[in-house]
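In what follows, a structure is listed as structure tokens, so that the remarks can point back to it.
The values are calculated or read from the model by the stated rules, or taken from the named source; none is laboratory data. If you're wondering where the values come from, they're calculated on a predicted model, not measured in any experiment. Here the Cβ positions follow ideal geometry from the backbone for every residue, glycine too, while neighbour counts run over all protein chains shown. Just the protein is used for accessible areas: all its heavy atoms, side chains included, with ligands, DNA and RNA removed. Shrake-Rupley method; radii C 1.70, N 1.55, O 1.52, S 1.80 Å.
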Amino acid sequence: MSDNEVDRTIENHMKKIAKLLPNSFETEDLLEDLRSHIYESYNEKVQKSPDDDKMHLITEVLEALGTPEEIAEEYGKVQVNEEEKKSTPDRWIYYTMRLMLAILVVVLASWVVSIVTEGAVDFMFAVVVLLAFAVLEWLVRTQQTKDA
Amino acid sequence: MEKGPSFEDSWKIEIRRGVLQYAVLAIVNHHEKGIHGYGIARELEGRTDGLLQMKEGTLYPILHRLRKERLLNVHTEKSESGPSRKVYVLTGEGDRVFRQLTILVGDIFEKLEALKK
């Protein structure tokens, strides 16, 4: 089995895991960790048993890693625990603080834009546009959280 | 009718899940300069005689959670064997939580021993 085939086997496994996880930055991070783990484990096995069939070695690595379902299940459990933790009064304080901070950043950024362009960009217009972007970003994030 | 896991097996899974986060903190604490995920998996298997052995991929959601809780910090280093890898180190808060949990775990085992007598 060539190195290309090993790479293909790894990528196929990664795709199966990715399909079961939400499409988010966190998932990308997790997949990066898993890919790195697979290569570490595989290369260690190749060093220990250079004469063994590479297909056999990569199969062993993927078996030890767990099935995509097992990994997704653990990921789901961690997410549920985090959601439960967020369901406290602190959550409202956190959201209020974030909202205040977002408004402050929008106002400051609009003011800077208005000053830098010497009034060519109207302050209120900049506030409205930046607020629209902030709301859009929030909607995307909310959708990602729901998918999780 | 399909038979589910025995009471004993379910109990083992639950208790393993419970102590795993503590075990990960203990291993990271043992490595002042940090340790990567693969190293943690190897130590979990080797230093617990397989008692806390798990499917290695399920370790990463746990590491991510500990990072989110700000108990672990992470930096990236180049790996000779493939893509760059993350190295995990205990934060100040992680160190405090680990010490607290160590006391709690000690107390729990002491009380359980007393219950057996």
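Structure above, values below:
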read-out: Of residues in region B:33-67 being more than 18 Å from residue B:17 (Cα to Cα) and out of contact with any His (no Cβ under 8 Å at 6 or more places or on another chain), the one surrounded by the fewest Cβ atoms within 10 Å (Cβ to Cβ); value: B:33
read-out: In region A:46-62, the residues that are open to solvent by 60 Å² or more (accessible area, probe 1.4 Å) and assigned to a helix (DSSP H, G or I); value: A:47, A:48, A:54, A:55, A:56, A:60
read-out: Residue within region B:87-105 that is free of Cβ contacts under 8 Å to residues at least 60 places away in the same chain and under 30 Å from residue A:59 (Cβ atoms) present; value: yes
read-out: So residue B:63, is it more than 13 Å from chain A (Cβ to nearest Cβ), touching a residue at least 24 places away in the same chain (Cβ under 8 Å) and over 18 Å from residue A:44 (Cβ atoms); value: no
read-out: Positions within region A:2-55 being free of Cβ contacts under 8 Å to residues at least 24 places away in the same chain, in contact with a helix residue (DSSP H, G or I) (Cβ under 6 Å, 6 or more places away or on another chain) and within 8 Å of another protein chain (Cβ to nearest Cβ), in sequence order; value: A:33, A:40
read-out: Every residue from region A:13-27 that is open to solvent by 20 Å² or more (accessible area, probe 1.4 Å) and in a helix (DSSP H, G or I); value: A:13, A:15, A:16, A:18, A:19, A:20, A:25, A:26
read-out: Output for region B:1-29, where each listed residue is over 19 Å from residue B:56 (Cβ atoms) and in contact (Cβ under 8 Å) with a residue 12 or more places away in the chain; value: B:29
